[in-house]
Structures are given as structure tokens and as C-alpha cells.
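Since the structure comes first, as C-alpha cells, the remarks are kept for the end.
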Amino acid sequence: MQKILIGVDKISTWVGQICAWSVVGLTFLIGWEVFSRYVLNTPHGWVLDAQIMLYGVLFMMAGAYTLSKNGHVRGDVLYSFFTPRTQATLDLILYFVFFLPGVIALTYAGWTFFNDSLKINEQTFSADPLPLYPFKFVIPFAGGLLLMQGLVEIVRCVICIRQGEWPSRIADVEEVDVAKLKEMVDVKDEDIAALDKYVVAAGEKK
Amino acid sequence: MIRKELWFGFILMAIILAAVAILMPWSNMTNGHLGLLMLGLVVVAIMLGFPTAFTLMGMGMMFAFFAYWSRSDGHSERALQQTLDLMVQSTFGVMRNDVLISIPLFVFMGYLVERANLVSKLFKSLHIALARVPGSLAVATLVTCAIFATATGIVGAVVTLMGLLALPAMLKAGYDVRLSAGVITAGGCLGILIPPSVLLIVYGATAGVSVPKLYAGAFFPGLMLAGLYILYVIIVAKWKPHLAPPLSAEGRVVELPAATREINDTIGTRVFPSLLVALKGKRNQVITTKELMKELWISLAPLLVFIVIMGLTWNALTKPNEIQDVSGLEQMGAVSATENTSSSLAEPPGTEVKEPTAGGVEEPPGTEPAKEASIAKVAEPVVEKIADKLPPSTAPPRDPTPKSFWIVFAVGMTGLVVFYAIFTYTRLEIFKMLLTSFFPLSVMILAVLGTILFGLATPTEAAAVGSLGGFVLASVYLLLTQPREKIMQAAKLWIPLWVVFLVSVFWFIFYKSEVVASPPTEWMGVLSMVAFGIWAVVAVIQAKMLATVRESTYLTAKTSAMVCWLFVGSSIFSAAFALLGGQVIVENWVLSLGLTPLQFMLLAQFIIFVLGWPLEWTEIIVIFMPIFIPLLPKFGIDPLFFGLLVALNLQTAFLSPPVAMAAFYLKGVSPPHVTLNQIFAGMLPFMGIQIIAIILLYVFPAIGMWLPETLYK
């Protein structure tokens, strides 16, 4: 079971990370356009459309990736104080109440939305147009990925309710990776522990 | 047995549910009341801890379906189709939102800068530079936080890093634990407010306020808040020195390199005169002329920068009108191109109201010459073309130099004279340290911010260029960590490429400031761009940037997905709320209270403050701002001003226990005997200062509104 779960995680991660590179593309595209427009005075009409598309792909495709890393923002006033079992039970119920209906509807609606666009071979509304339907395809694609990842998360909830602890996930780069930051500024755990004497000394003085 | 932390949440939840249950007119529910019920439920649902984006999406969908269904006399199929359309349109609206697009770019810039590893250098140089100030370590921490948090905008990383760097330094120097913790947590959250911040973009996108205006407005309140923190620390250090003792003598010592120490000991301590004397020949054989020249150049840098800036300003101020016209026209031409294309992705029958955000960007900087330019442009379009072709020698004589220029010049010169009079070798060393840590970062931030504020570039463009700047910073700093021969080897390739790149850039700057008559030629521009591209590839290889870029990229994707999916959820949710007519009920209710604008403002800020406990700032803005914003015109409140107050207010959400995440990040890297309670206690005075700042801003709106009003008249 764990193998399948990790396998789906890997697919979401892989797609999300590939699309993540569009931020590099976006940076260079806009950097180039800025130079071209301001310094060389030759703006390109399609760049604005292209940058919007890159941005859309970036965040939509990363939705499942973020879910697989448990990275979507949660209201944290209670959640982190619950036991894993309570967390999983709540999550399980809410996956069925909120997540599945919402994402299934979005995927389905996105699919018709894309097909309508494909039928008329829709293009962007500008002087040098780009085809628009591939961009619209992002909605059902991202929705489908998200749905798949959501099913995996539901299984995880069930496992957690049975075992009393969350099954493991694959590690990924984290926003605040304390170990890495420690290494970066060259501070070791002993140094921090050694500081305790100042704290204790200050406490005794009072 | 329920843990005591849970009680707080449960009580909050119970209060909300009870309020909803009591206030609902259960016997005669209208759809509008259902909307309010939905709003109450969503807060409770969010508190259960399910990913907020999907809570909003699911709940929005259900209520939207109900709203359509109740209107369609039982045609459930049609209602379903309408709901699906609404969902996909809302999602697509977020996907083509041209305000949100700058979020990934600013986030990317932040991650790159964070990984450039310059924070320790920054902190060390600032703490030595500020050694004489009372509470110097705490002040240095605040300044470091302010700059670093502004550039990165990642609260967790800034607090963790400063907890690793500044907390040990402060504890060793005998600082009070609570004061140290408060300084780090409060300072780490400054990046939320000081532009370029993501919070303001999110607010701008939700409220339809132009991001440049928000940035202009938040600039001084942000500085004011940082200033108030610093003032507080200085007062505490003066008043109760045992909480923040002054630095010991050895803490202040700056090591001088051999060459300058020699001169310092033999000739004189003041840099400028003694270097000149040394160059003339009165010196030891040990020091080479090359070294002396290097020191001289560095010490002359402030003077040179001042002269160049004043020279360009003088040139711009006094140049004859005709030439000004050309640049004005060109700027407008470029801008109108943006205007035309920006709506191309928007489908003609778009459901959303087009946001007026672009307005701020399009206005040219409100300077006198620009006005004249536009007048002249209307009158005689032909003249400009001629003026463009005419050699500069035939141009009309220069305008008289305005008096204010000479005043600024005199003040600047006096400042420089004083600066050089006290410029000792110790200070030269400090200056060098600042030159490699403080200045690059602040110049980058100011450049990004400046181009946005003066309307030279859109926030998106500035953010992309900022990301490139972050890439440059990170690669230079990463290269510097490598062995010396590697650096020299890389420099052989980097310097020529940069020279080629900078030729066009400087050419362009000189052209814009009328020093050169023609713009950079096309082949030169292309060459420069290619040079930069090659350099980027070379830098990735030589400075081993691939891992850094990859990590930053992935993190950017995750953060953007988090924020933007929340937008997807909330746009569906808000649409459902509007469909149900909840807004009308809220409006009628608020208007029936007969509040004065002041009372309304207090109420709104209080609600936001309370919501800051259970919810995150993103959730508060995307869910509740759409409810508050339509009420603002009724009370004659500027949404821009309201946004500034909200941004200041949400700062307190980061510092209010028990969910203040800054405290938990700090706890994670502090010695075991530092308790969470101590950290919370340390944050309290700073929360108080934040409230004072909100009051100050409310009483003196000019603090925030002066800059946007001046820039975008």
C-alpha cells in the first residue's frame, strides 16, 4: 500500500517540480522583455500573454505537489494540538465533505471548458496571438492530479486512524529547514546548548 | 482529557457558533442569512484544520449550487451547470490575474536572497557599525531583520536565522532573554509590511487597489514601525542598562589589515589626508602603491557616487524642454503598449469587474518636466522628431538651475565633508564590511521599489528583475565561499561578460539622462543580453548554483500554489456569498448601526485583530476583505488607507499568542531554558508598539498617504 501511495506522491511531485521551473522561465522571459522594451525599444505583444500562462501553469500544477507535501495552509489554532488519530478522522470527513465534491466538479467543469475552447481553436486576444486552449487544459489536468493525490491522502487518513500515527512521506526541500540554516551560518547544537548558562545565570540573578 | 491549548480554540469556535445560532432569524431565513451562516461556518471549518483552499472551494460550491437552485424553480440541472461555470470561471480568473503574477517572482527573489548567505555578514557589519548606539546589538538585530526580511519576506527563515545568529550574541553580551526574543520575533515580521511584500500584493488583488500605490503607502509606515522598535530598544537600553548592557571594549575592536594599520600608526588616523601623504612617498616600503590606490578608491566611493547622481540630476533638471519631450513620449508609448496588451487574456464576456490596478503604473512620474512634456506633445508632435534628429549642439540653451538643487548639493557636500573629517581607518574597515553586505541588498531593494514607485516598471517587471538581482547576489556570495584560485579563475570569465552586459545598461542610462544622444544600437543590446545569458549559465556551473536555484524553484512553486489555490477557493466562496446576497445583509446591518467612520474603522480593525488569532493573514485577506471593501465608500474611507491599516494590524497577528508562529520558530533554535512564555512576554511590548503605530497612522494619515498622493497625483 505504502508503495502505491509513495508512487502517486512521486508523480505529483515530479509534475509539480517540472512545472516549477516555469518560474525560472518567467524570470528570464520578463527580464528579457524588460531589456528589449526599455533599452532596445522593441516590445513584444505576446510576452504578456506568455507570462500569464507561465504563472498559471506554475501554481495550478503545483497544487497536487503541495498537497502531497502537506503544504497547503491550514487553520492551525487547534489542529496541531490534536492527536494524530483525531487529525486523521477530521481530515477524512472533510475530504469527503469539501475536497472531493469541489475538486471533482472543478475537474469536470475544466474538461468541458477546455473542450469548448479546443472546438473553436481559441487564441489570445492580441496582435500576435497564442493558442489559448492548452492553457485551459491546465485546469482539468491539475484537477485530475489533485484528485488522485486527494485519494492518496484519504488512504493516509485511514491508515493513520488504524495505526495511530501518520504514514511517512518522501522528504522534500522545506521552507525553514533548521538543520540547513544552522549549517549555513555555522552554528552547532552544542553552541546553542552552551548558551544555556547565560539564560540560567540571568534567571538566578533575579 | 482536553489539553489546555485546545480550550482556547474550542471556546472561540463555540462563541462563533453561538453567535450564529442566536443572530440567525431561524423562522424566516432568507438567502442572505444563509450567506452569513456560510461565513460563520467557514471560520469554524477553517479552525478544524483542513486545508483552507479546499474548505473554501467545497463550501463555496455547495452554497453556490443552493443559491442557483433556489432561483431556478427546481431546475437542478441548470443550477448545477451554472455552479460548474462559476467554479471554472473563478479558477480561470485567478490563473490570468495580472496582479498575482508578481507573487511567485517576489517569492523566488526572496528564496534566492535567503540562500545567498549574507545574513551573518550583514549582522556582523551592522553590529560593529552601530557599536556606539545604546542597545547596539538589539538595534543591529532590528536593522538586519528589517532589511533581510524586506528582501526575503519569509518570516520563518528570518526568525530562525536571527535566532541562530543574534540570540547567542545578545545572550553572551548579557542582554535580557525576553528583550532579545522580542527583538528577533518583532523584527522578523517586519518583512510582512515593508514593501515589496506579498501581503500587499494579495490585498491589492483582493481589494482592487493598485499595488504600486500600496507600496508607496506602506513604505513610510513600515519605516516608522521599524523606527519605533529601534527607539523603544534605545530607550530601554538607556533607562535599564542591565537589560541591554553596552558592548564591551573588545566587542568593538575592528581588525585593520596590515597596510592600513601601518599608515594608521605612522601617518595619521584620518583616511583621506593620510592616504594622500602616503601616496606622495612618505611611507614604509612594505605597502605597495596598488594597495594604497585600492583603499583610496574605496574611500572615494561615496564622493564619486554623490557627484554622479548630482550630475545626472542637474542634467535632467536643466535640459531644454524639447529633448525632455522625446523621453516623455517614449515612456508613454511603452506604457500604452502595456495597456493595450494587458487585457488580451481577458475574455470579452468576463464576469469580473476589471480591477483598476493598472492605473497606478501607467501614470508617468509626477514631475514638472513630465507635465510640460505632455502639453508640448499635444501641441507640436513634429518638433520632437526633429529634436531627436538634431545634434545636441543646436539644442536650445539649458534651463536655469533651480535653487533647491543647490540647497541639496550644499547639504550633501557638507555631509560629505563631515563624513571625511571623521573617516578613520577603523571606519574605513566598517565601511568595507557594509559595502559587501548592507549596500548590495539595500540597493537591490531600493532599485526594485524605486522602479515600481516611480512608475518606471510594473511590479511584475520589477519583481522579475529583482529575481535576477537575487540570482546575481546569490551567485557572487556563493562564489566567494570557494577557494581563492577558483574565484580568480571565475573572475576571468565573469568580468568580461559583465562589462559587455553593462555597456548597454550604462549607455541606456546615459541616453535617458541625455548625456548621449542615441539609444544603444540593436546589435549592442543583443550582445549584452547574450552576455548576461552566458554569464547566468557560467554562474550556475562555477558558483555551483544549480542546487540553490532548484531548491528556490521548488519552494517558490509550493508557496505560490499555497497562496494562489487559496485564491481559487476564496474566489468561488466570495462568488457564492455574493450570489446569496450576504453582502446586502451585512451592508444593511452595518448601515443600520449608524456608525461614524471612526467607529466603523475601529470595529473593522477590531474584527480583523480578533480574526488574527485563529486565522492566517492570507485567509483573513482573501475571505474578509471582499466583505469590508464594499462598505468603505459608504463611510468615505479610502481602500488604500484601509489596506495600510490592515497590513499594520495583521502584523500583530504574527506576534499574538498562542498561535504566533514567529515564537515557535525562535523556540526551535533557542537554548532549552528559554521558555515559550519568555518569548511571548518579550513580544508583548512590541505588540504594544504596533498598536501605537496603528493609532499614529490613523491620527496622521499623511504618514502613509503622503507618498502615494505625491507620486500619483
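Under the membrane-span-like helix rule (DSSP H runs whose alpha carbons stretch at least 18 Å along the helix axis, mean Kyte-Doolittle hydropathy 0.5 or higher), chain A yields A:2-20, A:45-68, A:100-119, A:133-163. Classify segment B:398-495: rounded, prolate or oblate, from the alpha-carbon gyration tensor (a ≥ b ≥ c, eigenvalue square roots; a/c under 1.5 rounded; otherwise prolate if a/b is larger than b/c)? Verdict is oblate for segment B:398-495. Rounded to two decimals, the Cα-based Rg/Rh of the protein assembly as shown, with Kirkwood Rh, is 0.97. Counting only protein heavy atoms and a 1.4 Å probe, tell me what percentage of segment B:100-207's accessible area is made up of carbon and sulfur. The C+S portion of the solvent-accessible surface of segment B:100-207 is 56 percent.
For segment B:74-217, the square roots of the Cα gyration tensor eigenvalues, ordered a ≥ b ≥ c, give a/c of at least 1.5 with a/b greater than b/c, which places it in the prolate category.
A 1.4 Å probe run over the protein assembly as shown, with the rest of the protein chains in place, finds 43 Å² accessible per residue.
For the chain pair A and B, the interface hides roughly 9300 square angstrom of accessible area in total, found with a 1.4 Å probe. A 1.4 Å probe over all protein chains sorts A:Lys3, B:Lys240, B:Lys432 by accessible area into A:Lys3, B:Lys240, B:Lys432, starting with the largest. Contact with the other protein chains removes 50 Å² or more of accessible area, compared with the isolated chain and a 1.4 Å probe, from these residues of segment B:438-485: B:Glu461, B:Leu468. Shielding value for A:57-70 is 6, the average number of Cβ atoms from other chains within 10 Å of each residue's Cβ.
Per residue of chain A, the DSSP helices (runs of n ≥ 4 H) give a summed -39500 (n - 2.57) that works out to -22500 deg cm²/dmol at 222 nm.
The solvent-accessible area of B:Glu616, taken with every protein chain present and a 1.4 Å probe, is close to 60 Å². The relative contact order of segment B:1-134, computed from alpha carbon pairs under 8 Å that lie at least 6 residues apart in sequence, is 13 percent. Once the Cα atoms are used to define both axes, helix B:597-611 deviates from the longest principal axis of chain B by about 90 degrees. Calculated on the alpha-carbon coordinates, the convex hull of segment B:18-70 measures out at 67 cubic angstrom per residue. Ellipticity at 222 nm from helices only: DSSP H runs of n ≥ 4 in chain B, each -39500 (n - 2.57), divided by the residue count, give -25000 deg cm²/dmol.
Each residue was assigned an accessible area with a 1.4 Å probe, and for B:Val503 the value is about 60 Å². Selection among B:Tyr203, B:Ile422, B:Ile184 by position relative to the dipole of the protein assembly as shown gives B:Ile422 as farthest towards the positive end (Cβ unit charges, Cα centre). Computed over the alpha-carbon pairs of segment B:72-119, the distance histogram in 5 Å steps reads 5, 17, 12, 12, 11, 9, 9, 8, 6, 5, 3, 2, 1 percent, short to long. Each Lys or Arg adds one and each Asp or Glu takes one away; over the other residues whose Cβ falls under 12 Å from the Cβ of B:Ala547, this sums to +3. For the protein assembly as shown, the Cβ-based charge dipole about the Cα centre amounts to some 2440 debye (Lys, Arg positive; Asp, Glu negative; other atoms uncharged).
Electrostatic bookkeeping for A:Arg74 treats Lys and Arg as +1 and Asp and Glu as -1; over the other residues with beta carbon under 12 Å from its beta carbon, the sum is -4. Histogrammed with a bin width of 10 Å, the alpha carbon distances of segment A:124-181 distribute as 17, 23, 26, 20, 11, 3 percent, first bin at zero. With 30 Å² as the minimum drop in accessible area between chain alone and full protein complex (1.4 Å probe), the qualifying residues in segment B:39-75 are B:Met47, B:Leu48, B:Gly49, B:Phe50, B:Pro51, B:Phe54, B:Met57, B:Met61, B:Met62.
Taking the C-alpha atoms only, the angle from helix B:368-379 to the longest principal axis of chain B is near 70 degrees.
Here the scattering of chain B is modelled by Debye summation over its C-alpha atoms, one equal scatterer each and no solvent; at q = 0.06, 0.09, 0.10, 0.12 Å⁻¹ the log10 of I(q)/I(0) is -0.43, -0.95, -1.15, -1.53. For segment B:606-660, the equivalent ellipsoid built from the Cα gyration tensor has semi-axes of 22, 11, 8 Å, listed from largest to smallest. For chain B, the longest principal axis of the C-alpha atoms and the axis of helix B:271-280 are separated by about 30°. Of the residues making up segment B:116-135, those losing 40 Å² or more of accessible area when the isolated chain is joined by the remaining protein chains, with a 1.4 Å probe, are B:Asn117.
Given axes a ≥ b ≥ c from the Cα gyration tensor, I'd like to know whether segment B:405-460 is rounded (a/c under 1.5), prolate (a/b larger than b/c) or oblate. Since a/c reaches 1.5 but b/c is at least a/b, the shape of segment B:405-460 is classed as oblate.
The values are calculated or read from the model by the stated rules, or taken from the named source; none is laboratory data. Source: prediction; values computed, not measured. All Cβ positions, even for glycine, are placed from backbone atoms using ideal geometry, and neighbour counts span all protein chains on display. Ligands, DNA and RNA are excluded from the accessible area calculation, which covers all protein heavy atoms including side chains. Shrake-Rupley method; radii C 1.70, N 1.55, O 1.52, S 1.80 Å.
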